[in-house]
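**Student:** Questions regarding the structure given below will be posed in turn.
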Amino acid sequence: MENTNEMTIIFDSRPTNEALARVAVASFCTQLNPTLEEVSDLKTAVSEAVTNCIIHGYEGEVHKIQVDCRLSGQELTVDVIDHGVGIADIQKAMEPMFTTKPDKDRSGMGFTFMEAFMDEVLVESEVGRGTTVHMKKIIRR
């Protein structure tokens, strides 16, 4: 029988909750017996996605962020969802060094890090409705 499991967490878009999301997803994936490097990669990608929701999606206002996790075999999928301002040009937003907040010390590397640390990243967004970042990681053990 294939190993499957799901988890959903919903939390306020406060910077302190970024750590909650990282730890929750890392804990969830331990059932696949990942390496420390795989856990670190996953935590970094989740951190970047949640931070994008807080800073760009909700522009610092407090609303809800949802993180959905699914395990199927050795595959972990993580969806990070906000109902914020959305992204007008996803392709541009995913370019390295692109930022809409240069005055806020934003490096513009969030999506680049997500793509580097995950096996697959897909972004869906609608202006005025929000953004979903779909990420996939194959745990190779």
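Values in this text are rule-based calculations from the coordinates and carry no lab data. Note that the structure is predicted; figures quoted are calculated from it, not measured. Reconstructed Cβ throughout: ideal geometry from the backbone, glycine too, with neighbour counts over all protein chains shown.
**Student:** Can you show me the helix-derived [θ] at 222 nm for the chain, built from DSSP H runs with n ≥ 4 at -39,500 (n - 2.57) apiece and divided by the number of residues, rounded to the nearest 500.
**Tutor:** Mean residue ellipticity, 222 nm, calculated: -9000 deg cm²/dmol.
**Student:** At 7 Å along the Cα-to-beta-carbon direction for both Glu126 and Ile10, put a label point, then send me their distance in nm to one decimal.
**Tutor:** 1.8 nm
**Student:** What does the net charge come to around His83 if you take all other residues with beta carbon closer than 12 Å to its beta carbon, with K and R at +1 and D and E at -1?
**Tutor:** Result for the local shell: -1.
**Student:** Of Cys29, Cys53, how do they rank once you tally other Cβ atoms within 10 Å and put the fewest first?
**Tutor:** So the ranking, lowest neighbour count to highest, is Cys29, Cys53.
**Student:** Next up: Within 15 Å, Cβ to Cβ, of Val127, how many net charges do the neighbouring residues add up to if Lys/Arg are +1 and Asp/Glu are -1?
**Tutor:** -3
**Student:** What is the extension gain from Leu36 to Glu61, computed as 0.36 nm multiplied by their sequence separation minus the C-alpha to C-alpha distance, in nm to one decimal?
**Tutor:** Taking Leu36 through Glu61 to full extension adds about 5.6 nm, to one decimal.
**Student:** Okay, moving on. Sorting check: for 74-87, 109-122, which peptide has the highest mean count of neighbouring beta carbons within 10 Å, and how do the rest follow?
**Tutor:** 74-87, 109-122
**Student:** Now for a separate question. Can I get the semi-axes of the chain's equivalent ellipsoid? Compute them from the C-alpha gyration tensor as square roots of 5 times the eigenvalues, in angstrom, largest first.
**Tutor:** Ellipsoid half-lengths, sorted descending, are 25, 16, 14 Å.
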